[in-house]
Structure formats: C-alpha cells, structure tokens
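Taking it in order: structure first as structure tokens, then the write-up.
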Amino acid sequence: MHVLHVVGARPNFMKAAPVLAAVRAHEGVRQTLVHTGQHYDANMAGVFFDQLGMPQPDLDLGVGSGSHGAQTGEIMIRLEPVITERKPDLVLVYGDVNSTMAAAVVCAKLLVRVGHVEAGLRSYDRSMPEEINRLVTDQLADFLFTPSPDGDENLKREGIAPGKIHLVGNVMIDTLVRLLPRAEACKPKNLPPRYVLVTLHRPSNVDDPAWLASLLATLGELSQEIDIVFPVHPRTRQRINGLNLPVSGNRVHLLDPKPYLEFLALQRYATVVITDSGGIQEETTFLGIPCLTLRENTERPITVTRGTNVLLGREISRVPAELRRVLQGEVKKASPIPLWDGRAAARIADVIAPA
Ligand code: UD1
C-alpha cells in the first residue's frame, strides 16, 4: 500500500508528523510526503520539519503565496502530475488550509481515495476561507477522521455516510504530548514571570486597518498591567509595517514567528493567551491555560464547552475586564477531552492499514 501525505502550511506539520510515524510502524506501507510550499519561510516551515522529527518532503511543489484562486489553482496544477505518476492508494490531507482542499479536489477527480485528518469541524461562517476548505474537503473525502463528537454530528447532518466517519481524537495533541517535555526545557530564560501571549493572523483581525489599530492600541493599554509577548505572523507583520501602525508600550514584545518547541513553551508558561488561531484554542485547553479568542465563532466549540476558551467576538472592550478576572485567579477549569490522549494517529493508522 502506498500512502501519500500532502502538507502545505504551518498548522499542517504538527498534525502530519504523528500520522507519518504511526503509519511507519505498520508493515508493508510505503509513504510519500509532498509539501506544497504554501508556507515557505524557514521559520514557517523548515524548522518545523526538524523539530517535529519529520522526514524531509520527497517533493516540494514550491507554490508560494497568492490570492486564494491563484494559490489553490497552482497547487492543483502542480500536484496533479505527481498523483498521476506516483499512483498512491490513499492521499491524506490535514486541517483546513488551501493546500488541503486543493489536494482533495485533485485526488477526487483522479479517483484516488482521500482521507481528511481533522474532519467535521464547522464554524458555520462562510466568510472564513477555511470553512470553504473544510466543507469541500469533507464532501470529497472517503475517510473522515474527526477530533471530537461535534465533528461527527456536523458530518452526519451534511449527509456523509456514517461508515466513512472515524472518531479518532486530536492528532495535534499527539504532538503536544510527545514534545511537551522538550518544550519545557526550552523555556526562555528572560521570560517575565507573568505575561500575555498574543497571536493574530486572521484576515478578520488584520486586514481592516482601523480594527488592527484598535487591537494594537488595546495591547498597548494592557501592557501597563502585564508584559505582552507577541510572535508576529508574516501577514500581520506586513500589515503593521505597511500601515506604519504604532505599537506603544515598552512591555509589548513583538517577536518573529517561533519554532514549534519555543512557541509551545511560551504557551505553557503564559498567564493567559489572546489569539485568533484554531489550533491554539485546542492546545491551551489541553494545557489548562486561559484563552481569550478574538473571533465571533469557533469551529472548535468543545474548547468553550469543556475547555478554557472564551470567545470575545468583536468586543475588544471586554479584553481588559477578562484579563483582570484571570489575573485575580478566576480561571475557567478545563476537563479532559476524550481521545485527546496522544494516541489519535495510531487510531488513524489502524483504520487505513489494518494489521
Ligand atoms: C494560512 C491558512 C490559515 C492558517 C495559517 C497558519 C489558508 C486559507 N489559510 O493562512 O488557515 O491558520 O496559514 O499560519 O490556507 N507569508 C510569508 N511567508 C510564508 C507564508 C506566508 O511571508 O512562509 C505571507 C505572505 O505574504 C502571504 C501571507 O503571509 O501572502 C499569507 O499566507 P497564506 O498562506 O496565504 O495564508 P496564511 O495567512 O498564512
């Protein structure tokens, strides 16, 4: 059996790493790793392969950045001949980025079976490009590996045959469980004792100049009470620089994007996290760190119902009050989420390559 994995963007890498390792443990399975090149900066891609212990990609399609149509189309153009020539029995795609959907469309048309890792998540907000990617990918996939029961329910509601759905748990947590001890050893020596860790990169937060300016001003205000540690995504950095936006307060620390282990350490020791990322909502819930999410909805509702996540929507004025609650020790308690246990990838391998 030949399994071909397609990855493209930073959040794909920590999901694919445990699946590659788990499938490797099954005899008689050949694997190929294709990187689309959607993310290409060393600190957005290469360093992750090293830290996660992933094999180097067999192929890098080098697509780079572009508008959604251009980027998605370019991935499809470059991936199609690879699938035709290499004839995999199954292609695994991860998460909800443009590379995920592009690969699913190519494979479905070539009648190659597709497995979607992290299937079934829905924000029910089609203004998010990721929601379009999730919907299309799940309609086309032959195997749908879900992280939590809400995913199964969403898929059944959309008419997906229950036999295709496999509740396996959260592969990103597999990587976290494996690498947390190493991350703890990477704790930066100069970290302030208490700090807010911030990440922002969604178009809804960084593409509107007035909104982005108000977010930065709020961070400046918060920094009068507590240090702000903010590793800045390239697209956010471009917006801040392009608009010449002021970042006030000498306790606001703007950093370059961090490698996996260093970023996990920053989460682990944070007092509170402010984010618009999907994966960080899950990681903070697992770690029991309070998380304030600057989005109106989440495709990961279990992090709100059972975890430490609070959705703040567009109510930026709530941030200081929520922060103060956390600083006074009023912290939402998380209860463990079933199957977020470090064994999700092994369950996927058992489905696709039964002994
Ligand atoms: C993509 C995903 C998003 C995910 C995020 C994680 C889609 C639709 N979006 O968003 O779901 O949460 O990755 O990071 O697939 N850039 C660089 N260097 C890089 C990569 C990007 O400078 O290595 C800059 C480019 O200017 C590029 C911009 O970031 O135009 C956006 O990159 P892109 O891959 O289009 O989307 P992300 O915002 O990274």
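Structure notes:
- Of the residues making up region 195-246, those that are without any contact (Cβ under 8 Å) to a residue 40 or more places away in the chain and assigned to a loop (DSSP other than H, G, I, E, B) are D207, D208, S223, Q224, V232, H233, N244, L245, P246.
- Restricting the first member to region 83-97 and to residues that are assigned by TED's automatic domain parsing to the domain that holds A21 and within 11 Å of Q31 (Cβ to Cβ), and the second to residues that are basic (K, R) and not in a strand (DSSP E or B), no beta-carbon pair is closer than 6 Å while six or more apart or on different chains.
- Where G249 falls short, out of the listed (1) in a strand (DSSP E or B); (2) touching a Gly at 6+ places or on another chain (Cβ under 7 Å): (1)
- Residue in region 212-219 that is more than 30 Å from D50 (Cβ to Cβ), outside the structural domain of L294 (by TED's automatic domain parsing) and touching a strand residue (DSSP E or B) at 6+ places or on another chain (Cβ under 6 Å) present: no
- Applying the set (1) more than 27 Å from E262 (Cβ to Cβ); (2) surrounded by fewer than 23 Cβ atoms within 10 Å (Cβ to Cβ); (3) touching a helix residue (DSSP H, G or I) at 6+ places or on another chain (Cβ under 9 Å) to G64 leaves exactly one unmet item: (1).
- Whenever a residue of region 56-68 is over 20 Å from A16 (Cα atoms), its partners that are among the β-branched types (V, I, T), lying with C-beta atoms within less than 9 angstrom and at least six residues away or across chains, give the pairs G66/T72; H68/I132.
- Whichever residue in region 193-213 is surrounded by 14 or more Cβ atoms within 10 Å (Cβ to Cβ) and small (G, A, S) and, among such residues, is nearest to G279 (Cα to Cα): S204
- Residues of region 19-40 satisfying the condition of being farther than 28 Å from V232 by Cβ and outside any loop (DSSP other than H, G, I, E, B): V19, L20, A21, A22, V23, R24, R30, Q31, T32, L33, V34
- Scan region 229-254 for residues that are at positive phi and either surrounded by 15 or more Cβ atoms within 10 Å (Cβ to Cβ) or hydroxyl-bearing (S, T, Y) (or both) and the total you get is 1.
- Across region 106-147, the number of residues qualifying as surrounded by fewer than 23 Cβ atoms within 10 Å (Cβ to Cβ), on the phi > 0 side of the Ramachandran plot and free of Cβ contacts under 8 Å to residues at least 60 places away in the same chain comes to 1.
- Residue in region 144-157 that is aliphatic (A, V, I, L, M) and in contact with a Gly (Cβ under 8 Å, 6 or more places away or on another chain) present: yes
- Subset of region 41-60 (residues that are assigned to a loop (DSSP other than H, G, I, E, B) and more than 12 Å from the ligand (Cβ to nearest atom)): G53, M54, P55, Q56, P57, D58
- Residue count for region 1-27 under the criterion of being within 16 Å of the ligand (Cβ to nearest atom) and of a type outside the set (A, V, I, L, M, F, W, C): the result is 5.
- Per the listing V82, V63, V91, the residue uniquely within 11 Å of the ligand (Cβ to nearest atom) and over 18 Å from the mean Cα position of the chain (by Cα) is V63.
- Residue satisfying all of: in region 199-231; within 11 Å of the ligand (Cβ to nearest atom) and among the β-branched types (V, I, T); nearest to S65 (Cα to Cα) among these: V206
So that you can scan it fast, the table gives a plain yes or no per residue for (1) under 19 Å from L212 (Cβ atoms); (2) buried (at least 18 other Cβ atoms within 10 Å of the Cβ); (3) at pLDDT 90 or above:
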{"residue": "T285", "(1), (2), (3)": "no, yes, yes"}
{"residue": "E296", "(1), (2), (3)": "yes, no, yes"}
{"residue": "N309", "(1), (2), (3)": "no, yes, yes"}
{"residue": "P336", "(1), (2), (3)": "no, no, yes"}
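- Among the residues making up region 28-40, those that are away from the ligand (no atom under 12 Å from the Cβ) and surrounded by 17 or more Cβ atoms within 10 Å (Cβ to Cβ) are Q31, T32, L33, V34.
The values are calculated or read from the model by the stated rules, or taken from the named source; none is laboratory data. As the structure is a computational prediction, the values presented were derived from the model and not from experiment. No Cβ is skipped: glycine too gets one built from the backbone with ideal geometry, and neighbour counts run over all protein chains shown.
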